[in-house]
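The values are calculated or read from the model by the stated rules, or taken from the named source; none is laboratory data. Note that the structure is a prediction, hence the values are computed from the model and not measured. Backbone-built Cβ (ideal geometry, glycine too); neighbour counts: all protein chains shown. Ligands, DNA and RNA are excluded from the accessible area calculation, which covers all protein heavy atoms including side chains. Shrake-Rupley method; radii C 1.70, N 1.55, O 1.52, S 1.80 Å.
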Amino acid sequence: MLVTIPDVLDAERIRFIQAQLSGARFVDGKLSAGMTAQRVKNNEELAADQKLLEQLNNIVMGSLIKHPTYQSAALPARVAAPFYARYNTGMTYGDHVDDAIMGPAGQRYRSDVSTTVFLNAPSEYEGGELVIRTAFGEQKVKLEAGAAVVYPSSSLHHVAAVTHGTRLVAVTWAQSMVRDPSRRELLFGLNEARESLLQSQPDSEASRKLDISYSNLFRMWAEL
Ligand code: NI
């Protein structure tokens, strides 16, 4: 399941982030890549001081984590601090799956859900689509600034070469309370139906039964 969220960051937050990133130092993204990713990764990552990173993370993660669609799609148990990646003309990130285990010693987590938050407008660069292989073929994702896409970390994906301009994104991972992507998808769909019924007919027997079934199915599958 691939879920796009159009409104993670508003225009004011995007402007602030872009201003901070435009003056910041970026380093070769290979430095943070695992052995296999190093061979296909060609981008740059923010190497900022702790204060700037904390400032950016508070904005990006603060907005993402409290977004109800993110909560419902990712069912996050643990969420990592993001990387800020920049792709200049000619840069790309070839086919890979994200590392299974991330984080420093003592703070390890399993990556179940990957999220890319787009930080500049699609009109500012050509190419640079996030291409995710799904059971139904390749999905190409290139969203407005402030929008995000959430997808299983186990899916093969790449970033198409940027042929003009600069692509700016924040990428982050979460360990989900429900590790199986097909179970998360099922819960996401059920929750949509549940919320819609709770809105339109809060006192109906159907709403009550769906609400109980959702809660108990979630409980059956959730791990913390
Ligand atoms: Ni990736």
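Numbers for the structure displayed
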read-out	value
Sparse-neighbourhood loop sites, trypsin sites (Lys or Arg not before Pro) in region 1-109 - DSSP loop, at most 14 other Cβ within 10 angstrom	25, 39, 66, 108
Within-11-Å neighbourhood charge of residue 222 [Cβ basis; K, R +1; D, E -1]	+3
Computed helical MRE - 222 nm, the chain, DSSP H runs ≥ 4 contributing -39500 (n - 2.57), nearest 500	-10500 deg cm²/dmol
Kirkwood Rh and Cα Rg combined as Rg/Rh, the chain	0.99
Positive-end residue, region 1-158 charge dipole about Cα centroid, Cβ charges, pick of 35, 46, 153	35
Loop chymotrypsin sites (Phe, Trp or Tyr not before Pro), region 132-224 (other Cβ atoms within 10 Å of the site Cβ: 13 or fewer; DSSP)	136
Stretch gain in nm, segment residue 28-residue 221, where the contour uses 0.36 nm per residue and the Cα spacing is subtracted	65.5 nm
Theoretical FRET efficiency, 1/(1+(r/R0)^6), r = Cβ-Cβ of residue 133 and residue 201, R0 30 Å, to 0.05	0.15
Residue 220 accessible area, assembled protein chains, probe 1.4 Å, Å²	140 Å²
For region 109-155, the spread of Cα positions along each principal axis, largest first, Å	32, 27, 12
Virtual paramagnetic centre 7 Å along Cα→Cβ of residue 121, amide N under 14 Å, in region 1-30	11-12, 14-15
Mean accessible surface per residue for region 181-221, computed with a 1.4 Å probe while every protein chain stays in place, in Å²	68 Å²
Accessible area of the chain belonging to carbon and sulfur atoms, whole % at 1.4 Å probe	52 percent
Global geometry of region 79-189, whether rounded, prolate or oblate, following the gyration tensor of its Cα atoms and the 1.5 cut on a/c	prolate
Placed amide H near residue 111: partners under 5 Å, 5+ positions off or other chain	101, 102
Per residue value of the accessible surface for region 3-176 (all protein chains in place, 1.4 Å probe), Å²	47 Å²
